[in-house]
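The values are calculated or read from the model by the stated rules, or taken from the named source; none is laboratory data. This is a predicted model, so every value here is computed, not measured. All Cβ positions, glycine included, derive from the backbone under ideal geometry; neighbour counts span all protein chains shown. Note: accessible area is taken over every heavy atom of the protein model, side chains too, but ligands, DNA and RNA are not part of it. Shrake-Rupley method; radii C 1.70, N 1.55, O 1.52, S 1.80 Å.
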Amino acid sequence: MSNSSGQGHADRSPADLAAEAASTIAELSGVEQHDIALTLGSGWGRAAEQIGEVVAQIPADQVPGFRSSAVVGHSGLLTSIRLADGRHALVIGARTHFYEGHGVRAVVHGVRTAAATGARIMVLTNGAGGVDPRFTPGMPVLISDHINLTAASPLEGATFVDLTDLYSPRLRMLARTIDPQLHEGVYVQFPGPHYETPAEVRYAGIIGGQIVGMSTALEAIAAREAGMEVLGLSLITNAAAGISESALSHEEVLQAGRDAEPRLAALLADIVPQLPERAER
Ligand code: HPA
């Protein structure tokens, strides 16, 4: 495939590639501007159809810089959705993970493209392991902050971006008014693709984490750089390694995601239409 992220685009800046992707999305969807963007991780995929009316579904490999997802269970579609109030949401169903080895530019291309389509609010979702024993499989948790253990950044050069309140307090409050049961936790991004050892999970807890996963933090940083307001949500798919007796399996993680899908779809379908018109930063 000629348009895989990285190779073939080496001559273009990340911003130029995102602008090109955004104009392809506008052309193929007929939607000039999107207002909200969502990246749907394990368990969150069914939300797309419930948020509003599907206007267009675009295979990711038709859009510059995107690649079809390498992970079974992650769809490779960009979906344009019209909300009841006429706003448009772009659902990015093609996440490139850090562990795929295509570089951080590829990891955050979806977020940069979302910003280039006009989106001012970025909803990042994922499946994750629970470190906090209160966080049990099937439970959605709001991300209150993150710890980035990838030793990488999407920012290039001397770009000093403030990450205080990266996970928007007002959007978290909005989510909690919709579902008062929602807990909050600090998300720790490990590089993956191996799951953590029990010692690493204990370490994540000691340094202030409650959730462990392999995505989201780098994307949130890129979203902030692009001027977007971020809402982060994790589905707890499993107790993190060593928190429960049992071993971790990818199949079990996917199954927990499938089981939780209807509840998560309903939650997002309630939250998204109430997201504010403008980003507040
Ligand atoms: N660790 C890291 N990533 C994950 C996990 C986990 O336990 N579960 C789902 N994604």
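Tabulated data
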{"quantity": "Pairs with Cβ under 7 Å, 6+ apart, first in segment 231-255 and farther than 28 Å from Ile221 by Cα, second more than 11 Å from the ligand (Cβ to nearest atom) and in a loop (DSSP other than H, G, I, E, B)", "calculated": "Ile243/Pro133"}
{"quantity": "Search result, residues across segment 192-233 that are open to solvent by 10 Å² or more (accessible area, probe 1.4 Å), more than 16 Å from the ligand (Cβ to nearest atom) and not in a helix (DSSP H, G or I)", "calculated": "Gly208, Ala226, Gly227"}
{"quantity": "All positions within segment 101-150 that are part of a helix (DSSP H, G or I) and either without any contact (Cβ under 8 Å) to a residue 40 or more places away in the chain or open to solvent by less than 30 Å² (accessible area, probe 1.4 Å) (or both)", "calculated": "Val104, Ala106, Val107, Val108, His109, Gly110, Val111, Thr113, Ala114, Ala115"}
{"quantity": "Some residue of segment 45-58 being away from the ligand (no atom under 15 Å from the Cβ), assigned to a helix (DSSP H, G or I), open to solvent by 20 Å² or more (accessible area, probe 1.4 Å) and under 19 Å from Ala269 (Cα atoms)", "calculated": "yes"}
{"quantity": "Residue within segment 186-202 that is under 16 Å from Ile271 (Cβ atoms), over 19 Å from the mean Cα position of the chain (by Cα) and among the polar types (S, T, N, Q) present", "calculated": "no"}
{"quantity": "Residue count, segment 239-259 (criterion: open to solvent by less than 10 Å² (accessible area, probe 1.4 Å) and either closer than 19 Å to Glu184 by Cβ or more than 9 Å from the ligand (Cβ to nearest atom) (or both))", "calculated": "1"}
{"quantity": "Residue list for segment 173-191, filter: within 16 Å of the ligand (Cβ to nearest atom), open to solvent by 10 Å² or more (accessible area, probe 1.4 Å) and closer than 12 Å to Gly130 by Cα", "calculated": "Val186"}
